[in-house]
Every structure is written in structure tokens, then in C-alpha cells.
Amino acid sequence: MANNQLWKLAPWGGMDIKSSPALGRIFERTPQLASELMVQILAANRGKTLETFLSQFPTKEFDNDTEYYWEIIGSTRRNVSLAYAVDEFGAIVTANSANVGVGIAPFYLYFEEEYFFDGEYIVGNYDVYKFRILGDPVKEGAYVKYKVELGSNTPEGVPAERLLAGEKFSVEAAYVESDLSRKVGDIRHASTTAMRNEFSHIRLQHKVGGALINDNIEKNAYSCLICVTDENGNKKTFNSYMQHVDWEFEKEFAEEKNNALAFGRSNRTKGDEYLNTGKSGLKIKTGDGLFAQMEVANTYYFNTFSLRMLENALMELCADKLDFNERTFVIKTGQRGAYEFHKALNKEMSGWTNFQYNGDALGVVSKTSSPLHSNALSIGYQFVEYLAPNGIKIKLDVDPSYDDTYVHKVMHPKGGPAFSYRYDIFDIGTPEEQNIFKCTVKNMPDIKGYQCGPFANPFTGEKGIKCASYDEDSAVIHKKSTFGICVLDPTRTMSLIPSILNY
């Protein structure tokens, strides 16, 4: 195809472009559209990444690139652990103590926080024993002291083992007399946890000589990496060296951006300082990526994967939070994780004595061709979904980035990168109430620019540069991006991670 012939390429939404100019001209003219296009092209050529996954959902725009804050409101329904108890004789209760509170004698419970109120009946691990709070709590050193009496039909008192450190207490009710009752109880307010993250800034540049503008792939040893499909389904390739350079530039930039979104870690110290200084003399600030924000919540480490472990973890995520019709989970993992999932299901299925393969119905066994036999057969299957108890439905989504040995260097004893055995659950939320989203700065898209000498700009095809950046016959391409990612509520995510990655 001649270099000046027009192509109408489907991935460009029907926009006509020339084959001879580099991709840079497209990116220079339409930066916002081009950014989306590059994500699509990279996904087609390199497989899906975190950015391609998140690009399906709306991006949150901020007014500036200062750090962004959000708050998570905790639940008011929770258990409070007992610090220690003091019996009616003033002695600290130990495992060897006699029953406490015999014949409704008052005694004391100490907690690390003020959570209960006058007149409430609270219960520990076993609701046989009720404890009625007598009066307002009293601050005593690092603890809050509650005077209580037994509120259940247990005149023999409560065993000491129910009053040891770590016993969990919750409110049952604020019981009162039937007439002339006075105020008791109160409501609890959920505490908020402030979370914050910063925008990350990345930059890339590359320089080439001006003579390369007309250098085609056929004239050198380079091979073209861009292959697109036109509206008729025909594959087309770009064939100039500059298109090859631009493709490599965009590919490298996109990979670095994806790494920052996924694996970035804040470089802010506990004293709110930044120790890294850039060439300008100003501080470099980096934000937390997706996995760093997720790990503060439901993170489990394992040596051997099993369905029981997965079920227990998901039940924790579901309990008292999700209705039975909301318990479908898509779990991201690598190829090794998908294989372990299949093996675990296969082991589970082996105990189902009434299960039988049915080649006609399931297609487990099918005809194939082979020089070894005239009636050759093929057999095989793989489990990719599991209907677990209590309405939990599990679907696998194999992400190629989990198998990337360039990024994930720790190898697993069973083979392959250990990260490939990882299982992640992302609750993205709804379009109206997103839980995970990319962050950008308003009116600050990815910025791409060029410097060039006086004769030609090989990136844009322009010749005879009237306002050259310098006297050398060359050109430099620059690109910068400001971005972040936000996980509003990490408790709506979960990670099952091989123990070998527990640093």
C-alpha cells in the first residue's frame, strides 16, 4: 500500500488518517481520544491491564493535584474486648478465681473505650450471662470502668473464664421496669477513618535524528509492532521507523502508568515528609496504588489453596452485609491461580459419588483426528465457576498481568510467579456510587509535546521548522501524566495471597 494512501481504521472510530505520519501526529491533535485509543490498542496487543479494566468506569476529576481525602464511616454494631475485670472484693479476676457476682453482688468491668451506657444489659461470648450497667462509666487511667451486676437468673455468679481479657462484649438491650422508668441507654456514633492519597506524576522522553522521517521498515532491520484492522476486517500495519518509535514510546509510557496505578506506594513518611528530591530541587511525591490501598482491609495469606479457605473468606465478606442475591463474586487471578482453583474443585467433585461425566451432554469427550487411531477421542474440561454454600457464586477472571515475570520476580515453589497464585476481589460499585476509580486533574490530560531542530520533525512530518527549539537536526518527544487511584472502602475488597509474598 502506498505511503500516502488513506486508511479508515475501525479502532480510530472511523477517523481517516494517513499511513505515513507517525502516531505522534494523531496523539498531538487529539490527546484525549488518543489516550483512549492507545489503551485499546495496547489491550489488543498485550492483553488487559489494570488501566484497561478501570477505563470501563467513569474517572473522578479533581480541581488540582494536591492530595485528596475521603472518610470511611465504621459500623456502630461491633464487639468490644474486655481489658480485665475486678470482682466484688476488689481483686483482679484470673482464670483461677471463683465465680464473680454471686447473689447479684456488683463488680467492675474495664474496657479500653467508652462504648456502653448506664442501664444497658451487655453480654459476652455466651449470652447466658447478662451484665447490667450501674451508672455512667468512669475514666480510670487508660481504661473505662463500668460498675455492673448480673442481670440474668444466675445467683451462683458468672465463671471467671467469662471475665478474662479478650472476652467480646456487645449491647443486648436497655431493659427497664414496666412503670415509672427513668432514662437509660443511648445511641452510638460510628467513628470515621480519614484516608488520603496523592497524585503521581510520571514523565518520559526520547530523541531521534531528523533524517529518520522517511526511513521505512523495509530499509532497516526493525519490525513493525502495530497491527490494526480496517472496517472490512483486513489487517494493516504501519511501516515507517517513526511509527515503530512512537509505538514503543507509548507502550513504555502505558506500562509505567499501569505499574504506578497497580503497585505504587506513597513515599510520605510518618512525619509527613518526602525524602526524594527531583532535579528541580522540589520533592517527588508518589501515591498509593490499588494493591497498597487494598491491603489495609481483608488480606489473607495461605500456604495451600483450598475451597474451604476461599468459602470462609467470602462468608466473612458477606455476613450481615450482602443479601443472598448479591453474592456473586468475580475473582481476579493468574493462570496458576486458575489451575489451583480447578484442582481444588476437581478434588471436591471427586467426593460426589453420584456425579458422572456425560460426554453427550457436557462435551467432556469429543471426536478428534489423529494418525494414531481412526476413532480418536479428546477429553478435557476446566472449572471456572463454583456455586458455593449460602448463595455464594464465584467466577474466575484470569488477568495476564498476574503472570508477568518482568514485574513479579518472586517465583513460587510450584512454578511460575507467586503473584499468579493470588486471588483478588474488587467491589467496583455502581456508576452512581463507585468504590474504585481512577483520578485525574481537571483540564490536565496526558500531555505530549515535541522539540525539534530547524530542518524536520520526524515525529510530526513537518519540514522547515521556522521556530526551532535548537540547532541540531533532531527531535525529542516528551510525555507527562498526572493521575491517581482511589479505593473508597477497602473493606469491600479482599485478597488471598501466597505466604511467600508476605514480606
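Every read-out reported here was derived from the displayed coordinates using simple, explicitly stated rules and does not represent laboratory data. If you're wondering where the values come from, they're calculated on a predicted model, not measured in any experiment. Quick reminder, even Gly has a Cβ in these numbers, built from the backbone with ideal geometry, and neighbours come from all protein chains shown.
A few remarks follow.
- Amide proton proximity set for Lys130, modelled H, under 5 Å, gap of 5+: Gly151, Ser152
- Put a plus charge on the Cβ of each Lys and Arg, a minus charge on the Cβ of each Asp and Glu, and nothing anywhere else: the dipole of the stretch 80-189 about its Cα centre is then about 60 debye.
- Each Lys or Arg adds one and each Asp or Glu subtracts one; over the other residues with Cβ under 12 Å from the Cβ of Phe455, this totals -2.
- Computed over the stretch 80-189, the P(r) tail beyond 18 angstrom holds 45 percent of alpha carbon pairs.
- 29 Å Cα-Cα threshold exceeded, pairs from Lys251/Lys438; Lys270/Lys395; Lys168/Lys347: Lys270/Lys395; Lys168/Lys347
- ³J(HN,Hα) computed for each position of the stretch 449-463 - Karplus, 6.51 cos²θ - 1.76 cosθ + 1.60, integer Hz, glycine/proline x: x, 9, 10, 8, x, x, 9, 7, 10, x, 7, 10, x, 6, 10
- Protection proxy ranking of 415-425, 154-164 - average other beta-carbon atoms within 10 Å, highest first: 415-425, 154-164
- As a rough footprinting exposure proxy, the listed residues Asp397, Asp127 were ranked by other beta carbons within 10 Å of their own, and the order from fewest upward is Asp127, Asp397.
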